[in-house]
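Worksheet for the structure shown next.
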Amino acid sequence: MNPQAAPGLFVSYGGGHVKALLPVARRARELGLAQPVYLALTTAAAEARAAGLQVLGFRDLLQPGDEAALRRGEELAAALAIKAADHEESVAYLGLSYADLETRVGEEAAALAYARFGRQAFLPRSVLERALDRVQPALVLVTNSPRAERAAIEVARARGIPALCLLDLFGQWERAVLAQAAYGDMLCVLNEAVRQSFIAAGRPAASVQVTGNPAFDALADASLHALGHRWRAEAGWDGLQVLLYASSPEPQHSPGVEREGDPLLPRRIEHALVQAVQANPRLALWVRRDPSEGPPDEIIALGHPRIRASGPGQALPAMLHACDEVVVTVSTVGVEARIAGRRVSQVRGSILDELSPYLAMGIADRELTLADLKALQPLPAARLGAEPEAGADATARVLSVARALVASGQALRVLE
């Protein structure tokens, strides 16, 4: 590590976002290009720490005078349906973010916004100001989540600190914000089709670069391909049509969406797939729940020889190579499955359907309804794998874009 390297502030939530940004932070550290500090939100913290990075949380940003915010954070944390693994961090995140919301919109409007949208109502700029004060970064790198990641971009912009936003997928949800010329110095996107869609939406062409998503680099790892085949054989599923259900949470309300969602939709899909496999001896099923959904105890309790829950030690790329067909609603796992050459079936009915039109984008092979799952007929054998349009090493390309910011004079001298 180069002790003279400038600090870089990386900010992301968990799930697909930390998987996209963490390889960039890790590679920057390994090459001595920057001193990464990772503001890791929710489930991202454990992965960033496991990578050996310096990690910040909201609890590290607490200051004298935050006592009222912490009391509110305790109340909000107690009301969560799924309790966070790190209670102290959850209290700080909720309390500081809510206090920021109240400061920006007032007590009454904050209460209404949180009651309707929950954490989606947050945009904790004041907390991110504390983070930038502490780290003094020469560059800010985030993914495309709203809330803290968007706040990081906005605070960096206000202070003249260069900022790069890595888009994990299509950016349909955040399109109006991401397409703005003032939203960071550079937007790194999945492929040329996504780039053109942002240019058409008004983003300057020079500020959108095709890099691919570093989270998908592992799909080309031959050892993970072999591992997936081994898991399949060990399960005794060779000769069967193996499904992978990649579940993702369904919100009851979402900003900008008028209709109401069904939070039980993921479990309804899961139950329908279980029934389909129980009725068809040619099918087998792996269930992979999003980390925020809680453990799949019901699946484990079935004890069915052709139905299993993926474990925490089973990496997603290997899981994809272990199956023939992947079932999703709006999970980004659908895109990873397409890149890995798996068949993709998308179950419609989510209030987020319009954000992930996988069939129209050539990612899904078919669309299904919940009713279709009860008599599910498997698709033909998986097609040959397809490489990401941007190539094999998205991590290197994102770092290259960061360097290009320096060379063009759009940023301070960083990542030398």
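The values are calculated or read from the model by the stated rules, or taken from the named source; none is laboratory data. Because the structure is predicted, anything quoted here is derived from the model rather than measured. In this analysis, Cβ positions are derived from the backbone assuming ideal geometry, glycine residues included, and neighbour counts consider all displayed protein chains. For accessibility, only protein heavy atoms count, side chains too; no ligands or nucleic acids. Shrake-Rupley method; radii C 1.70, N 1.55, O 1.52, S 1.80 Å.
Take the range 264-315 and flag every residue that is surrounded by 14 or more Cβ atoms within 10 Å (Cβ to Cβ), within 21 Å of the chain's Cα centre (by Cα) and over 12 Å from S247 (Cβ atoms).
Q314, A315 - these are the residues of the range 264-315 that are surrounded by 14 or more Cβ atoms within 10 Å (Cβ to Cβ), within 21 Å of the chain's Cα centre (by Cα) and over 12 Å from S247 (Cβ atoms).
Applying the selection to the range 1-32, what residues are in contact with a Gly (Cβ under 7 Å, 6 or more places away or on another chain) and open to solvent by less than 30 Å² (accessible area, probe 1.4 Å)? Let's see the steps before the verdict.
To start, the set of residues in the range 1-32 that are in contact with a Gly (Cβ under 7 Å, 6 or more places away or on another chain) comprises 1-2, 5, 28.
Passing the criteria: A5, A28.
If I ask for residues that are open to solvent by 10 Å² or more (accessible area, probe 1.4 Å), outside any strand (DSSP E or B) and at pLDDT 90 or above, which ones from the range 334-350 would you list?
R342, R348, G349 - these are the residues of the range 334-350 that are open to solvent by 10 Å² or more (accessible area, probe 1.4 Å), outside any strand (DSSP E or B) and at pLDDT 90 or above.
Can you name the residue in the range 33-47 that is open to solvent by 10 Å² or more (accessible area, probe 1.4 Å) and outside any strand (DSSP E or B) and is also farthest from H87 (Cα to Cα) among such residues?
Among those residues, the one meeting the criterion is L33.
Mind counting the residues in the range 206-241 that are buried (at least 19 other Cβ atoms within 10 Å of the Cβ), closer than 24 Å to G184 by Cα and hydrophobic (A, V, I, L, M, F, W, C)?
The number of residues fulfilling the criteria is 4.
Taking the criterion of being under 24 Å from L219 (Cβ atoms), surrounded by fewer than 13 Cβ atoms within 10 Å (Cβ to Cβ) and not hydrophobic (A, V, I, L, M, F, W, C), would at least one residue in the range 61-80 satisfy it? Spell out how you get there, then give the answer.
First pass over the range 61-80, keeping only residues under 24 Å from L219 (Cβ atoms): none.
Checked the range 61-80: no residue is under 24 Å from L219 (Cβ atoms), surrounded by fewer than 13 Cβ atoms within 10 Å (Cβ to Cβ) and not hydrophobic (A, V, I, L, M, F, W, C).
Consider only pairs whose beta carbons are under 8 Å apart and that are at least six residues apart or on different chains; among these, list those whose first residue lies in the range 111-129 and is closer than 16 Å to V257 by Cβ and whose second residue is of a type in the set (F, W, Y) and open to solvent by 40 Å² or more (accessible area, probe 1.4 Å).
So the pair list comes out as A121/Y114.
Return the residues of the range 187-200 that are out of contact with any Phe, Trp or Tyr (no Cβ under 8 Å at 6 or more places or on another chain), open to solvent by 10 Å² or more (accessible area, probe 1.4 Å) and not in a loop (DSSP other than H, G, I, E, B); say none if nothing qualifies. Talk me through it step by step, then tell me what you get.
We begin by selecting, within the range 187-200, every residue out of contact with any Phe, Trp or Tyr (no Cβ under 8 Å at 6 or more places or on another chain); these are 188, 191-193, 195-196, 198-200.
From what is left, the residues that are open to solvent by 10 Å² or more (accessible area, probe 1.4 Å) are 191-193, 195-196, 199-200.
Passing the criteria: E192, A193, R195, Q196, I199, A200.
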